[in-house]
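Have a look at the structure below before the remarks.
The values are calculated or read from the model by the stated rules, or taken from the named source; none is laboratory data. The structure presented is a predicted model; accordingly, all values stated were derived computationally and were not measured. Glycine gets a Cβ as well: all are built from the backbone with ideal geometry, and neighbour counts include every protein chain shown. Accessible surface areas use protein heavy atoms only, side chains included; no ligands, DNA or RNA. Shrake-Rupley method; radii C 1.70, N 1.55, O 1.52, S 1.80 Å.
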Amino acid sequence: MMKPPTPLVLIIDDESSIRDGCRQALEKSGYAVLDAGEGDEGIKIARDAKPDIALIDLKMPGISGMEIIEILSRDVPDTVLVMITGYATIVSAVEAIQKGTYDYLPKPFSPDQLRAVVRRAVEHRNLKIETRRLREEKERMEKSFITFVSHEMRSPLVVIRQYIEALKAVAGDRLDRDMTEIIERCGARIRSLETLVEHWLDISRIGEGSFAWKKEPLNLLQLIGRSTEEMAPVCKEKGIRLKTDLPDQLPEILGDQESLLRVFTNIIGNATKYTPENGGITLAASSDDYYVTVCISDTGTGIPADKLPFIFEPFYRVRGKEERQRGSGLGLTFCKRIMELHGGEISVASTEGQGSTFLLKFLPHMRTEQGMGRTSVDPATPFRPF
Amino acid sequence: MTAKKRILLIDDDKDFLFATKLILEKGGYEVFLAEDGKTGVEMWKSVAPDLAIIDMMMETWGEGFSVLSKIRATDTGKDTPLFMLSAVDLQGPYNSFEPPPEFPRVNAVLQKPVRAEDLLRYIAQELGGKKMS
């Protein structure tokens with residue numbers, strides 16, 4: 001690793017003895033030091049030199065330390081600010097910290113105290129910068145990952161499926177049953193890999209903020225209707241009763257029709273995998289002052305209590321390897337992310353041997369008098385009645 | 001026996017070209033391949049095909065659109081059926097390409113991969129339903 005450059009410390013204090021003392025103590029410890037005897041000059045130096053640390057005397061003639069702190073935390077946000085004060089009251093300390101100071105140094109202080117505070121401030125700055133660098137790196141990687149996956153991973157899969165189509169077209173009539181089955185199975189595996197890639201892309205896009213979704217007033221009853229219609233054939237084939245238990249009216253919610261439809265069909269689809277023949281899946285809905293709730297329950301095998309906390313994690317499989325071929329392993333992760341995107345919640349309750357219940361909670365959409373879309377509760381601070 | 005109908009296929013993926021060519025030849029068409037938009041437009045003029053299939057996304061995003069406009073602007077390109085190929089997932093699952101209203105006419109937008117029977121059916125519809133063998 002590269003040796004870090006010498007940290008640069010700026011001292012703004014009207015007392016020359018303090019400036020000189022600080023300079024000596026810090027230079028001896030290997031810091032580079034700049035100083036200013038009054039606020040305006042200090043601000044100018046800080047803007048030009050962008051020091052790592054600025055020590056600011058709170059009580060000076062002219063522009064006050066508190067004002068300097070305010071200006072510097074705005075203009076040179078990477079500089080860590082430490083205030084020096086002979087009047088270290090709680091009130092002024094709190095105010096300074098609220099304005100962006102990291103620490104304070106009460107007068108009188110010893111060179112050791114000064115060095116300790118400055119060392120801590122330098123560490124704080126390095127961590128701050130490292131954190132930001134890592135966050136930017138992560139965001140960049142997420143973005144390029146999405147581009148990579150969508151272009152570089154999907155196109156070979158598309159081509160392989162096109163070759164399979166070509167093979168069937170060219171040689172279909174010459175292939176015996178086994179060969180045809182091999183080709184069909186290859187096609188099926190390629191399709192499930194494509195699905196996996198698409199699900200993963202969706203989840204990445206939600207995380208990265210580029211998932212395309214429309215926010216419009218929705219009637220969940222209609223959406224439940226569409227999802228049961230879509231899933232009815234699968235249930236019928238498996239001998240599972242698909243029922244609804246719905247009120248006549250539900251408050252509208254704000255959301256994306258297509259992705260929520262996928263949430264519902266995903267959960268119903270999951271339920272069909274774990275519900276035996278003659279079992280049932282029920283969709284119920286209700287509302288109160290805070291939430292519109294959809295409840296999807298099944299009479300299936302249920303989920304062991306120790307596995308419940310993990311079922312929304314990517315690729316988590318309740319029954320391990322034996323269910324390897326059952327979908328992408330991202331279905332419930334997708335559901336959770338979509339619900340979060342809507343400011344809603346998803347939770348699950350289950351008793352082994354009796355079945356599972358997925359609870360989807362949405363914030364109702366309140367129309368204001370102007371007819372503008374607004375939710376009654378700010379999604380950033382969801383109100384939790386229990 | 002009538003001459004085989006000619007189809008021009010423009011796509012920058014060699015494998016996709018080859019696979020699709022096999023399907024089209026099985027359907028009884030004569031197939032011409034172009035690996036980029038520029039070659040595609042040139043071949044359009046020299047070959048004068050009965051139909052062209054253009055990939056939307058080649059060297060650059062939307063290259064296919066400009067190829068389509070150039071072909072439509074030629075004398076022979078006004079009424080010849082033109083298909084566009086699109087990979088479903090460009091910006092997200094719900095944003096597959098739909099040509100804007102002011103855009104030159106596209107006879108069909110096909111999603112990649114395209115099923116052999118669908119491809120041949122769409123082409124047969126456009127070329128008068130005459131199935132050749």
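If only one of A:337, A:326 is surrounded by 15 or more Cβ atoms within 10 Å (Cβ to Cβ) and at pLDDT below 90, which one is it? The unique qualifying residue is A:326.
Every condition in (1) within 14 Å of chain B (Cβ to nearest Cβ); (2) of a type outside the set (D, E, K, R); (3) open to solvent by 30 Å² or more (accessible area, probe 1.4 Å) is met by residue A:159 except one, and the failing one is (3). The residues of the range A:304-314 that are within 26 Å of residue A:200 (Cβ to Cβ) and open to solvent by 20 Å² or more (accessible area, probe 1.4 Å), listed by number, are A:307, A:308, A:309, A:310, A:312, A:313, A:314. Among the residues of the range B:10-30, write down those that are in a strand (DSSP E or B) and in contact with a helix residue (DSSP H, G or I) (Cβ under 6 Å, 6 or more places away or on another chain). The answer is B:10, and nothing else. Exactly one residue out of A:149, A:76, A:118, A:122 is surrounded by 14 or more Cβ atoms within 10 Å (Cβ to Cβ), at pLDDT below 90 and not acidic (Asp, Glu), and it is A:149. For the range A:180-199, state whether one or more residues are touching a Pro at 6+ places or on another chain (Cβ under 7 Å), of a type outside the set (D, E, K, R) and modelled with pLDDT of 90 or more. There is no residue in the range A:180-199 that is touching a Pro at 6+ places or on another chain (Cβ under 7 Å), of a type outside the set (D, E, K, R) and modelled with pLDDT of 90 or more.
Residue A:295 meets each of the listed conditions (1) closer than 15 Å to residue A:345 by Cβ; (2) open to solvent by less than 50 Å² (accessible area, probe 1.4 Å); (3) assigned to a loop (DSSP other than H, G, I, E, B) apart from (3).
Under the condition of being at the interface with chain A (Cβ under 8 Å from one of its Cβ atoms) and open to solvent by 50 Å² or more (accessible area, probe 1.4 Å), which residue from the range B:81-116 is modelled with the highest pLDDT? Step by step, filter the range B:81-116, then rank; the result is B:115. When the residues of the range A:218-235 are filtered to those that are out of contact with any helix residue (DSSP H, G or I) (no Cβ under 6 Å at 6 or more places or on another chain) and of a type in the set (S, T, N, Q), the one that is farthest from the other protein chains (Cβ to nearest Cβ) is A:228. If you check A:177, A:185, A:189, A:154 for being of a type outside the set (Val, Ile, Thr) and within 11 Å of chain B (Cβ to nearest Cβ), only one passes: A:154. Of all residues assigned to the range B:15-29, none qualifies as being open to solvent by 10 Å² or more (accessible area, probe 1.4 Å), under 14 Å from the mean Cα position of the chain (by Cα), within 14 Å of chain A (Cβ to nearest Cβ) and β-branched (Val, Ile, Thr).
Residues considered: A:65, A:37. Of these, the only one that is in contact with an Asp or Glu (Cβ under 6 Å, 6 or more places away or on another chain) and open to solvent by less than 20 Å² (accessible area, probe 1.4 Å) is A:65. If you check A:140, A:191, A:154 for being loosely packed, with under 11 Cβ neighbours inside 10 Å and either in contact (Cβ under 8 Å) with a residue 24 or more places away in the chain or not small (Gly, Ala, Ser) (or both), only one passes: A:140. The residue that is least open to solvent (accessible area, probe 1.4 Å), among those in the range A:207-217 that are touching an Asp or Glu at 6+ places or on another chain (Cβ under 9 Å) and at the interface with chain B (Cβ under 10 Å from one of its Cβ atoms), is A:211. Kindly indicate whether residue B:50 is open to solvent by 20 Å² or more (accessible area, probe 1.4 Å) and within 21 Å of residue B:4 (Cα to Cα). Criteria met by residue B:50. How many of the residues in the range A:243-259 are hydroxyl-bearing (Ser, Thr, Tyr) and under 22 Å from the mean Cα position of the chain (by Cα)? The number of residues fulfilling the criteria is 1. With respect to the stated conditions, residue A:263 is within 25 Å of residue A:350 (Cα to Cα), part of a helix (DSSP H, G or I) and in contact with a helix residue (DSSP H, G or I) (Cβ under 6 Å, 6 or more places away or on another chain). Exactly one residue out of A:181, A:198, A:208 is of a type outside the set (A, V, I, L, M, F, W, C), touching a residue at least 60 places away in the same chain (Cβ under 8 Å) and farther than 30 Å from residue A:351 by Cα: that is A:208.
Looking only at residues of the range A:223-268 that are among the hydroxyl-bearing types (Ser, Thr, Tyr) and surrounded by 22 or more Cβ atoms within 10 Å (Cβ to Cβ), we find that the one that is farthest from residue A:206 (Cα to Cα) is A:227. Residue count for the range A:340-381, restricted to those that are of a type in the set (S, T, N, Q), outside any strand (DSSP E or B) and at pLDDT below 90: 4. Residue count for the range A:162-174 under the criterion of being open to solvent by less than 60 Å² (accessible area, probe 1.4 Å) and at the interface with chain B (Cβ under 7 Å from one of its Cβ atoms): the result is 5.
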